[in-house]
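Below is one structure, written out as structure tokens; comments come after it.
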Amino acid sequence: MHQRPADRPVHQVHETDIPADRRRGGVIRTLLSPRNAATTSGFMGVAELAPGERIAEHYHPYSEEFLYVVAGELTVDLDGQARTLRAGDALLVPPGTRHRLRNTGQVDVRAVFQLGPLAPRPELGHVDTEPAR
């Protein structure tokens, strides 16, 4: 019989339990991470962008980023080339790819993101390439 290791509890959160992070633009909530859920393979969260908002360009040297658009229409700039995602679309951003998320539409955008694997140290996981506005 398979058993979950005792040091790996099931962890559940509601997004309203997580403070909004607005440092890079939009509203980002990292829901499950090494910090709050002792994850070992990556982290996931949700991003919300009002019309005209963006998440500043950055890249992840060690991690793939998976994006899934739940609502709205999202423009993702990948190494300077724009790509449009609509509700129901998913996108894989390979490690080292500069990317910026923009809401160029008229309605709020809601997207789920997941990154993995984790960088060797947290400060190496995210590199900003432009300032947030």
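Report in % the part of the accessible area of the chain that belongs to carbon and sulfur, leaving out ligands and nucleic acids; probe 1.4 Å.
Of the solvent-accessible surface of the chain, carbon and sulfur hold 52 percent.
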*With a point put 7 Å past each Cα toward its Cβ, work out how far residue 35 is from residue 14 in nm, to one decimal.*
2.2
*Tabulate in residue order the Karplus-calculated ³J(HN,Hα) for segment 53-65, using 6.51 cos²θ - 1.76 cosθ + 1.60 with θ = phi - 60°, rounded to whole Hz; enter x for Gly and Pro.*
7, 8, 10, 4, 4, 7, 8, 10, x, 10, 10, 7, 10
*Given a 1.4 Å probe, how much area per residue of segment 21-128 is accessible, in Å²?*
51
*For residue 119, what charge total do you get from the other residues with a beta carbon under 15 Å from its beta carbon, if Lys and Arg give +1 and Asp and Glu give -1?*
-2
*asked:* Among 34, 72, 93, whose Cα projects farthest towards the positive end of the dipole of the chain, with charges put on the beta-carbon of Lys, Arg (+1) and Asp, Glu (-1)?
replied: 34
*Going 7 Å from the Cα of residue 126 toward and past its Cβ, which residues in segment 34-53 have a backbone nitrogen under 15 Å from where you end up?*
34-36, 42-49
*When the dipole is taken about the Cα centre of the chain, and only Lys, Arg (+1) and Asp, Glu (-1) are charged at their Cβ, what size is it in debye, to the nearest 20?*
120
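The values are calculated or read from the model by the stated rules, or taken from the named source; none is laboratory data. Predicted, not measured: the structure shown is a model, and the values here were computed from it. Ideal geometry is used to build each Cβ from the backbone, glycine not excepted, and the neighbour counts take in all protein chains shown. The area values use the complete protein model at the heavy-atom level, side chains included, leaving out ligands, DNA and RNA. Shrake-Rupley method; radii C 1.70, N 1.55, O 1.52, S 1.80 Å.
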